[in-house]
Each structure stands twice: as C-alpha cells, then as structure tokens.
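Heads up, the thing below is written out as structure tokens.
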Amino acid sequence: MQAEWQKEAAMADASDEFASLRAAFILPEGVYLDGNSLGVLTVAARDAVQNALIGEWGQGLITSWNAAGWIDLAARCASRIEPIIGAVSGTVAVGDSTSINLFKVLGAIALKAGERRRIVTDAANFPTDIYIAEGVVRLLNSARGPGEHWQVECYDRSELFAKLDERVAAVVLTEVDYRTGERIDAAAGVRATHAVGAQFVLDLAHSAGALDVDLNHWDVDYAVGCGYKYLNGGPGAPAFLYVAPRHQATFVQPVQGWLGHAAPFEFAKGYRPAPGIERAQVGTPAVLSMTALYAALGVIQGVDMRRVRAKSLALTDFFMRVIEQSGLAARGLVNVTPRDPARRGSQVSFRHPQAYGLVQALIQRGVVGDFRAPDIARFGFAPFYLQFSDALKAALAIADCLKDGELLQVLDADRNAVT
Ligand SMILES: *Cc1c(COP(=O)(O)O)cnc(C)c1O
C-alpha cells in the first residue's frame, strides 16, 4: 500500500503546476499543516520587512509616507486581494482585523436597516463573528427609542434559511467551517437572503488564498477575511473588507476615523466619508505588517484560483484516502470533513477522544496541525507550498501516533494556552 501511495504522491508532485512557487516560501522542517491558522513566511516578506524596518523607517522616517508609498500601501494590498476573491477593482479595503471589519460592516448595515432588526448567523460560526454581532446589537439596543429590539439569532446551518423573513437585516456566514472544514454554498445563501431583502455577509477567513471565491458573481453584499491565514501576511496581518459595487455609494460605517475621511490632510471639522472604498479605512495603518502582507501577496499574484482550488481538493482527497485505507477509524479517528469536493474547504478535520494529545504527538514528529475544542484535530492544506508527499508523510505519521495510546493519553492531559 505504502509503495503505491508513494508512487501516486511522486507523480502528482511531478506534475504540480505550483511546484516552482515552493521556493518562495521559507518552510520549516517537517510538514506544516497549519497554514489555515498562520501562513508561512515568504522570502519576499522577509526581505521587504527588513527593508521597511531599516531603510524606510530607520532612515526615511516621516518622508517614507510619501517616498516609500506607505500612504497608499493599503490600497495596493487591496488591488492584490481583489482578483483572489473574485472582486472587481475598488471594492476591497485592507486594514484592521477581521473582527473589527465585521463590526464596521454590521454597523453600516444597521445604519440603513429601516425596520429590520434581526441578524441571523450560524450557531457553529467562529465565535468572534457572533461576539461582534452581539456587541453591535447591544450598542443599538442601548441607544434605541421605542420599537423592536435588535437581536442576534444563531441557528443550525440546515434550518437557518427557513428562519428568514422581512425582519432580517443581515445573514452572517463563514464560507468554511473552522472546525469541520465544511464549505457552504455561498451563492445559494445569497439567493435565500436576497429573497427576503436582507444583506448577505460572508467571512472568508478560511477561504481567501485557498478557494475559488467569486464574490462578484455570487452577488455577495459584504465580506471580510484574514491576511494571516492562506494569504501568508504574517501574525496579526491586516485583514480585508469587501463592499459590493452597488453598496459603495451608501456604505457609511460607524468607525469614522480620519483616514476614511474624504480629505484627511485638510483636518476639517466634521466627517465626510471618502468617495470610494477608502471610507472603510479608520486610522494609521500598521505599515510593517502591511509591508509583509503586500510582499506575500506578490508571490501569488496572477495565479488562477480555480487551479489552486483544484490542487487543494486533490491534496485533501489524497490525504483522506490514505487515512481511510489505513483503517484508522478502528483507532477512534473519525473524519468530520465532507468527502464531497463541493462541500469541502482546504482542511481536513478528525474527531478523536485524545485529539489534543494526537496533535501534540504529531508536533513532536514535525507534523504541525492544531486542536480545536472539544475534540477536533485539524489539518490545513495551503495549496501554494504543500506537496502530495507532505500529505502522505502527515497521514503516515498520524497512523503511527495512533498506535501509541499511552503517549496520547499523557500528552492529552497537559494543555497549552494556545491550542
Ligand atoms: C480566524 C478567523 C477570524 C479571525 O479574526 P481576527 O479578528 O483576525 O482575530 C475571524 N473569523 C473567522 C471565521 C476566522 O476563522
């Protein structure tokens, strides 16, 4: 069996159209399957940050806002992200975190929601999305006059669309479930949401840079997403925010900072939003972080995301197949990621009673995945730098680790703060 898998992996790697990109990434020893949590450093980002640190900041100081183009760095990042998520030019802003960007989007929706008072989301959504929605609602309700309260409602994905009516202001969904790796049908979500006249907000945290996202064709209203996951922007990299062309003119977000002003350097009295997507900006950008993100985006510029998606699916399919054929279900490993490619993101997750211990045992062998409470071991497949031989190594390491039940128990008992 193993020889056959090895042959299959070698053949797939030999015909990998992204193989030449691998050298652009500084890969750790072993197999890194956590690019969905923190993408790896690129050579370009390392060099660009060094230059920004020593040259632009160290020597150029304040002149670098103009001379090094810091002032339009966010806009340049945005133009590199737009094609990756199927967005037309001028619809993406880069800055702040995904959480903050969701606050801006929900605030903007609330400002033009009329009598609509319901925000509907997935009960299994990433917690920050739900927390942010609840925070917006709390603020709205505390300032409310007479009338109905705002509320956040969480439903199971299977029944969510049946709950919609004309009182819904927004539906907030994440395209890929961070636990199970299930991909939703975003276009169908948009249709159901628009059928009741509500706005569809999509979180692309686990999509951008790995999936063939097509915001414009899907007719998504608003989207947010991370710079540090599959986009490889580095820890805490600036996030992005998308506003559909038809909402641009009426998009007014509540975090009215000076860099979203039409003329920031007039230092005028009274906020006047910038004419385009710039109004999503708030304050001074994190230049060093954004420099890393911009350079990392340069590495994948011009790639066809449908081809990237095809490789990602082939990688996860191969990985799941080796695990299945190794009979690991008998050792308590349960695949919770859809086999159907249309319903799968770019990760594979398993339930296991000692999932935390399993992830620790794998890390000791150089195979890095992560644990998500209560019992999920998660393996992300970043298609730009991973090979089929990596997927095979990881699957074989999992099989090996599962043989040592005692070690898993010991490792499972001692948990770190960041899992
Ligand atoms: C990772 C992730 C985030 C992260 O938000 P930050 O504000 O960058 O911490 C948000 N939403 C989802 C669905 C995520 O997976």
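Taking the number of Cβ atoms within 10 Å of each Cβ as an exposure proxy, the fewest-first ranking of Asp185, Asp16 is Asp185, Asp16. Computed from Cα positions, the angle between helix 186-195 and the longest principal axis of the chain comes to roughly 40 degrees. Its Cα gyration tensor gives the stretch 360-401 an equivalent ellipsoid, and the semi-axes of that ellipsoid, as √(5λ) in whole Å with the largest first, are 18, 14, 8. Shape class for the stretch 86-160: oblate, because the ratio a/c of the largest to smallest gyration tensor axis (alpha-carbon atoms, square roots of eigenvalues) is 1.5 or more and b/c is at least a/b. Summary of the geometry: the stretch 345-419 and the stretch 172-239, compared by the centres of their Cα atoms, lie 26 Å apart. All other residues whose Cβ lies under 10 angstrom from that of Leu38 are scored, Lys and Arg at +1 and Asp and Glu at -1, for a net of -1. For a paramagnetic label modelled on Arg331 (point 7 Å from Cα along Cα→Cβ), amide N atoms under 19 Å away belong, within the stretch 391-419, to 391-413.
Expressed per residue, the C-alpha convex hull volume of the chain stands at 148 Å³. Taking the DSSP bridge list for the chain and keeping only pairs wholly inside it, about 50 percent are antiparallel. Taken over the stretch 220-300, the ratio of Cα radius of gyration to 2.2 N^0.38 Å equals 1.21. Dimensions of the stretch 4-105 based on its C-alpha atoms, expressed as ranges along the principal axes with the largest first, amount to 59, 36, 23 Å.
Give me the percent of Cα-Cα pairs in the stretch 19-167 that sit more than 23 Å apart, rounded to a whole number. Write down the numbers at each step before the final one.
Working: 6646 of 11026 pairs.
Roughly 60 percent, rounded to a whole number.
Between helix 127-142 and the chain there is an angle of about 20 degrees, using the helix long axis and the longest principal axis of the Cα atoms.
On the principal axes of its alpha carbon atoms, the stretch 341-419 extends 35, 23, 20 Å, with the longest extent given first.
Would you mind giving the average projected area, over all directions, of the Cα convex hull of the stretch 43-98 in nm² with one decimal? Walk me through the numbers before you get to the answer.
On the way: hull surface 19.0 nm².
With the hull built on Cα positions only, its mean projection is 4.8 nm².
With respect to the chain, whose longest principal axis is taken over its alpha-carbon atoms, helix 2-14 is tilted by about 40°. In this structure, the residue pairs whose Cα-Cα separation is over 24 Å, taken from Lys104/Lys269; Lys112/Lys163; Lys112/Lys229; Lys311/Lys393, are Lys112/Lys229.
With all pairs of separate Cα atoms included, the stretch 248-364 yields a Kirkwood hydrodynamic radius of 19.2 Å.
Subtracting the Cα-Cα distance of Asp13 and Asp340 from 0.36 nm times their residue separation leaves 115.4 nm of extension gain.
Rg ratio for the stretch 117-164: its Cα radius of gyration over 2.2 N^0.38 Å, N being its residue count, equals 1.21.
Coordinate-derived values only; no laboratory data. Just so it is clear, the structure is predicted and the values come from calculations on it, not from any experiment. Backbone-built Cβ (ideal geometry, glycine too); neighbour counts: all protein chains shown.
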